[in-house]
Amino acid sequence: MKEQLHELKEQVMEKIKQSNTVKELNDVRVAYLGKKGPITDLLKGMGKLPAEERPKMGALVNEIRESVTEILEERKEVLEQAAIQEQLAKESIDVTLPGRPVELGNHHPLTRVVEEIEDFFISMGYEIAEGPEVEKDYYNFEALNLPKGHPARDMQDSFYITEDILLRTHTSPVQARTMEAKEGSAIKIICPGKVYRRDSDDATHSHQFTQIEGLVVGENIRMSDLKGTLDLLAKKLFGAEREIRLRPSFFPFTEPSVEMDISCFKCGGSGCNVCKKTGWIEILGAGMVHPNVLQMAGYNPEEVTGFAFGMGPERIAMLKYGVEDIRHFYTNDIRFISQFHRAEA
Amino acid sequence: MLVSTNWLSTYVDWNELSVEDLAEKITRAGIEVDGIINRSLGMDNIVIGYVTDCVKHPEADKLHICQVDVGGEVTQIICGAPNIAAGQKVIVARPGAVLPGGMKIKKAKLRGEESNGMICSLQELGIEGKLVPKAYAEGIYVLPSDVRAGDSALRHLGLYDQVLEFDLTPNRSDALSMLGVAYEVGAILSKEVKLPVISYKASAEKAQDYLKLTVEATEDNPMYVAKVVKNVKVAESPQWLQNTLMSAGIRPHNNIVDITNYVLMEYGQPLHAFDYNRLETKEIVVRHARVDETIVTLDQAERTLNDHNLVITNGIEPVALAGVMGGANSEVHEGTTTVVIESAYFAPGSVRQTSKEVGLRSDASTRFEKGVDPNRVVDAAERAAQLMAELAGGEVLGGSVTFDELDKTPERIILSPDYVNNRLGMKIPMDEMKSIMDRLQIPTEAINGQLVMDIPTRRQDLRIKEDMIEEIARLYGYDEIPKTLPVGESTPGGLTPYQAKRRIVRRFLEAAGLSQALTYSLASPKDAQAFALETAPVTELLMPMSEERSVLRQSIIPHLLDAATYNVARRNESVALYETGSVFLGIEEDGLPKEVEHVAAVLTGKWVNHAWQGESKKVDFFVMKGIVEGMFEQLGLLERIEFTKATVEGMHPGRTATVWLGDTAVGMIGQVHPTVQNERDLQETYVMEMNLRVILETAAEELFYTPVPRFPSISRDIALVVNSDTSAANLEKIIHQAGGKLLKSVQLFDLYEGKNVEDGKKSLAFSLTYFDPERTLTDEEVVTVHSKVLDALTVQANAQLRS
């Protein structure tokens, strides 16, 4: 029986060695250690042995069973490891294959510019004011110190619908409407929106374009406040190192009027093709609200002053992003629109 | 306005600066100098030549072989100009010269004959063709005989000059004259202005003896001055005058016309010269035209007039369109001997209207339109008379024929320094302000701490205190203004709920994969109402620029479809675009159209395109529907929307739905009709358009937290066979009603029609989830409610259960 046992052990060891998979190994375990296996049979046959041999043989059987179990476990460990390795090897991929794109849409570049400006002024306590795109002559011109017969309100230059109604030529009527509605109280607003002029569309003209204007009205609003505000805006839009300069200009609705230039963001002021060798780029028009405009909206210009400024998001986008043709903004070519979603800095 | 810096220096001494610095200073003070034109354009080696001999080239019909004295040396030059002749003094570009445009002059052989340079036209020296005197427009320029061969031709032509290009704002009409520019430059540089000295010897004869003046239209013509000059000899102007006019962008004609133009540029006062004898009646009557009266103007065009057009007549018929253009019948010509000089003030509005109506804008009309200086009307006439005496040998008759009701008193403006400083945010001392006024030559006195200023009539743009603040600030320097921020009560600022929600809609649609488009509000009449949610009378432009952009849109979809077609035609085959913008419906009580903000979208091509992993999906109705539902979910309105099948023109009849928000139809979604798709060269295309205003003005459901479930839910799946026309929404409604409170959610997970399902039927499978937030549901409870659901489906929807 002893020999039988040892022979059995040898046999099992051999089988374990030959097992190459966890399943085969498991079959060996079931075959030898299972309820119907030879070791169990041997244990069952113990009863036939003389009583004094039984403990000895029992110990031997247990010893063999334990050592077989142990080796089985060791082998199992090895085979499992191998199986995992094999699986991992099989699962290996080419990590350079393209990822599954996350298909996001883009906002329009003009919206990007407008929202950047809106958010900047919101942080300084401004509200956003909007108004109709089809406007009364009164708000578009008359209330802005452009009385009937003024050369700037030529029928040729504006899209009229009737003699008194037209597509607004600037967003300034929103200022006029806001001043009228506020009935003499202080104002800090930004007015973005679409405007229309009777121009043929070409690389630098569009019959429809956008504007964004600002208006501050209150007691003791000074031209230096306008300059300080515009300086912050220029730095926000075109970089902290930008300098501004104001040049006298003319708008019927402001007096004094200014045009603002920024130091060229491309060459820093030394002169290049962007700034046409001058070191400066014209960005916006502004001024102190004309007393006639204040008066028509019910403010007393002796007591209340204000400043206003306005710019074209198209121009700003063209400068910032190097866009050469204004028509790109209205063609809606996906290859164009899809370029303006990512971070800039 | 073109300002020759040579000419300028006769009125103000700017020469201690470079032209560049002068331009910069002028720009910084308020008149933008757009450019500096160097008229010599880097040319050199261009001399005066004397053609001693000129014979036809034996080998070429159009060429001549000339022997040209270029100063101590006679050289052979081949010339192709038709007007070349022996005895002429001409412009010669010698070998080594470079002409504008880059042409290099070299010795050459032309058809076998040596040519040592080129005889030039003015155009070849960079002068615009429209400025070249007509006599020389088609050939070389011929100089007067008294010039010396070998001298610099550029110097003789006044081309060593730099010209400033002014971009004038409409208020600065004072700078439409050299004197006005001189006052501006004088103020900037603190320099004196040297005015022309007018002096001539008048004849004993009086103008009144020659001419009778009657002004009938006194409102449109409050001042009229006429002078008479006799015995003039009409000829070419002296070279300096021609040069000066060309530098100012004016073509020389003859001495009389050139003098009127010279004075126009010098004083900003337009003048007109009539041939006295051609007036015939010895009379000038200024009146309004009669309806349908005609005049042939100097450009030989016949103009039909109206009764508000101001005309100068000889008492019988118009001889000039006042302030706009002279008449051909009274034009100065070679044989003219007696000239009437007209200097007048015509009302700006009248000239503007006439100029616009007849489509003529001239140097004269642009100045009258802005209002000329009342105090220069007489001076300009006298200056022209003087020049006609000096340059045309004329005899100026004594006095002038005058009508004058024009107010010439200066405006007085009183200003306190505090008023200025409070508005600028500065502390400029009063004497500094006074000294700025002195530089501007605005008579100013300081009285009781106030500045009392009498504004000269040449500065018609200075009318109110704020105008004077600008004058002070711009000459003190805008750079000196400090940078501050408004002080006072701080305000919260921010977006309105409407504006904030509009941004949410945009961000959601972009996150969903749609890009923002921006299309035109103006559309063609054909597209104006296509796909509109609501139609109203179309708003039309009075004067559209094209049919395509003649009316205001009532739907955004047509232009989005245009954008889709544009992209597809350029192989951007998958298009996902949205737009928010206004549509314009009819006219409201205040006369304006009803403007309503809409949101619209278009989808065509692939929705998912990840080919190498086999993922690719075309857009379909449910992609668009999911986007719309997602948008409403973001706005807290998902529970309140419903889709019902709809018929809309231009849309696929089986694949279009109306979107309801409560009881209001707020939008439309569906596939574009295949016929329309074909017309627009599009494949399967889906669109939606919603009334964004109504949606954003609807308050969202209150955002309040629902406890996270503590008890498990139980799911049961059911498969139903129903008639094909039974809607999924209807089935869900039945399930919800029967399931009551315990039914937490219903989800469709399968839809099948075809094999194994009877014709006219379809199979749907739903997963129902039951849940009680207070406790774990028992099996019996679920069975009870679930069988109620099944019964309801059988009874109400005639549904058969599939095992």
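The values are calculated or read from the model by the stated rules, or taken from the named source; none is laboratory data. Being a predicted model, the structure only gives us computed values, none of them experimental. Every residue, glycine among them, receives a Cβ derived from its backbone with ideal geometry; neighbour counts consider all protein chains shown.
Just name the residue that is farthest from the other protein chains (Cβ to nearest Cβ) out of those in the range A:305-325 that are crowded, with 20+ Cβ neighbours inside 10 Å and of a type in the set (Val, Ile, Thr). In this case the residue turns out to be A:Ile316. Residues in the range B:1-26 that are crowded, with 19+ Cβ neighbours inside 10 Å and either of a type in the set (A, V, I, L, M) or modelled with pLDDT under 95 (or both): B:Met1, B:Val3, B:Leu8, B:Val12, B:Leu22, B:Ala23, B:Ile26.
The residue pairs whose first member lies in the range A:81-101 and is away from every other protein chain (no Cβ under 11 Å), whose second member is assigned to a helix (DSSP H, G or I), and whose beta carbons are closer than 8 Å, counting only pairs six or more residues apart or on different chains, are A:Ala83/A:Val22. Within the option set B:Val311, B:Val263, being within 22 Å of B:Ala381 (Cα to Cα), surrounded by 18 or more Cβ atoms within 10 Å (Cβ to Cβ), in contact with a His (Cβ under 8 Å, 6 or more places away or on another chain) and among the aliphatic types (A, V, I, L, M) holds for one residue only, B:Val311. Of all the residues in the range B:670-693, those that are within 35 Å of the chain's Cα centre (by Cα) and assigned to a helix (DSSP H, G or I) number 2. Residue check: is A:Leu146 within 9 Å of chain B (Cβ to nearest Cβ) and either farther than 27 Å from B:Ser490 by Cβ or part of a helix (DSSP H, G or I) (or both)? Taking the combined requirement at face value, the residue does not satisfy it.
Picking from residues in the range B:403-425 that are more than 35 Å from the chain's Cα centre (by Cα) and among the hydrophobic types (A, V, I, L, M, F, W, C), the one that is surrounded by the most Cβ atoms within 10 Å (Cβ to Cβ) is B:Leu415.
Candidates are the residues of the range B:198-225 that are aromatic (Phe, Trp, Tyr) and touching an Asp or Glu at 6+ places or on another chain (Cβ under 8 Å); the one that is surrounded by the most Cβ atoms within 10 Å (Cβ to Cβ) is B:Tyr224. Exactly one residue among A:Gln156, A:Gln175 is assigned to a helix (DSSP H, G or I), surrounded by fewer than 20 Cβ atoms within 10 Å (Cβ to Cβ) and either more than 8 Å from chain B (Cβ to nearest Cβ) or not aliphatic (A, V, I, L, M) (or both), and that residue is A:Gln156. Here B:Leu777 does not qualify as surrounded by 18 or more Cβ atoms within 10 Å (Cβ to Cβ) and not basic (Lys, Arg). The test for being in a loop (DSSP other than H, G, I, E, B), more than 7 Å from every other protein chain (Cβ to nearest Cβ) and either buried (at least 18 other Cβ atoms within 10 Å of the Cβ) or in contact with a Ser or Thr (Cβ under 7 Å, 6 or more places away or on another chain) (or both) does not hold for B:Leu518. Is it true that some residue in the range B:281-290 is under 21 Å from B:Ser350 (Cβ atoms), outside any strand (DSSP E or B) and not assigned by TED's automatic domain parsing to the domain that holds B:Lys130? Yes - at least one qualifying residue is present in the range B:281-290. If you go through the range B:415-456 and pick out every residue that is within 14 Å of chain A (Cβ to nearest Cβ), part of a strand (DSSP E or B) and among the small types (Gly, Ala, Ser), you end up with 0.
With respect to the stated conditions, B:Val687 fails to be of a type in the set (Val, Ile, Thr), assigned by TED's automatic domain parsing to the domain that holds B:Asn756 and in contact with a Leu (Cβ under 8 Å, 6 or more places away or on another chain).
When restricted to residues that are in a loop (DSSP other than H, G, I, E, B), of a type in the set (D, E, K, R) and closer than 22 Å to A:Asp225 by Cα, the range B:457-493 contains 2. Taking the range B:558-580, which residues are out of contact with any helix residue (DSSP H, G or I) (no Cβ under 9 Å at 6 or more places or on another chain) and surrounded by 15 or more Cβ atoms within 10 Å (Cβ to Cβ)? Answer for the range B:558-580, where residues must be out of contact with any helix residue (DSSP H, G or I) (no Cβ under 9 Å at 6 or more places or on another chain) and surrounded by 15 or more Cβ atoms within 10 Å (Cβ to Cβ): B:Leu560, B:Ala564, B:Thr565, B:Val568.
Quick grid of which residues meet (1) at the interface with chain A (Cβ under 7 Å from one of its Cβ atoms); (2) over 25 Å from A:Glu243 (Cβ atoms); (3) surrounded by 15 or more Cβ atoms within 10 Å (Cβ to Cβ):
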{"position": "B:Arg459", "(1), (2), (3)": "no, yes, yes"}
{"position": "B:Ile464", "(1), (2), (3)": "yes, yes, yes"}
{"position": "B:Met468", "(1), (2), (3)": "no, yes, yes"}
{"position": "B:Arg474", "(1), (2), (3)": "yes, no, yes"}
{"position": "B:Ile481", "(1), (2), (3)": "yes, no, yes"}
{"position": "B:Val505", "(1), (2), (3)": "no, yes, yes"}
{"position": "B:Gly513", "(1), (2), (3)": "yes, yes, yes"}
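Pairing each residue of the range B:452-478 that is touching a residue at least 60 places away in the same chain (Cβ under 8 Å) and among the polar types (S, T, N, Q) with any residue that is in a helix (DSSP H, G or I) and crowded, with 22+ Cβ neighbours inside 10 Å, provided the two are 6+ apart or on different chains, yields C-beta distances under 8 Å for B:Gln460/B:Ser173; B:Gln460/B:Asp174. Looking at the range A:214-231, which of its residues are touching a residue at least 24 places away in the same chain (Cβ under 8 Å) and facing chain B (nearest Cβ under 8 Å)? Within the range A:214-231, A:Val216, A:Gly218, A:Glu219, A:Asn220, A:Ile221, A:Arg222, A:Met223, A:Asp225, A:Thr229 qualify. Scanning the range B:34-72 for residues that are under 30 Å from B:Thr169 (Cα atoms), outside any strand (DSSP E or B) and of a type outside the set (S, T, N, Q) yields B:Arg39, B:Leu41.
In the set (1) within 29 Å of B:Val181 (Cβ to Cβ); (2) not in a helix (DSSP H, G or I), B:Glu20 fails one condition alone, (2). What about B:Arg553, is it in contact with a Leu (Cβ under 6 Å, 6 or more places away or on another chain) and either more than 8 Å from chain A (Cβ to nearest Cβ) or free of Cβ contacts under 8 Å to residues at least 60 places away in the same chain (or both)? Judged against the criteria, B:Arg553 is not a match. Applying the condition of being touching a residue at least 24 places away in the same chain (Cβ under 8 Å) and either assigned to a strand (DSSP E or B) or of a type in the set (Asp, Glu) (or both) to the range B:604-625 and asking which residue is nearest to B:Thr658 (Cα to Cα) yields B:Asp620. From (1) within 24 Å of B:Arg693 (Cα to Cα); (2) assigned to a helix (DSSP H, G or I); (3) at pLDDT below 95; (4) not acidic (Asp, Glu), pick out the condition that doesn't hold for B:Leu533. Exception for B:Leu533: condition (2). Just to be sure, is B:Leu696 part of a strand (DSSP E or B) and touching a Lys or Arg at 6+ places or on another chain (Cβ under 9 Å)? When the stated conditions are applied, B:Leu696 does not pass them.
For the range B:561-589, a tally of residues being at the interface with chain A (Cβ under 8 Å from one of its Cβ atoms) and of a type outside the set (Lys, Arg) returns 11. Per this entry, A:Leu49 is not counted among residues that are on the phi < 0 side of the Ramachandran plot, modelled with pLDDT of 85 or more and surrounded by 13 or more Cβ atoms within 10 Å (Cβ to Cβ).
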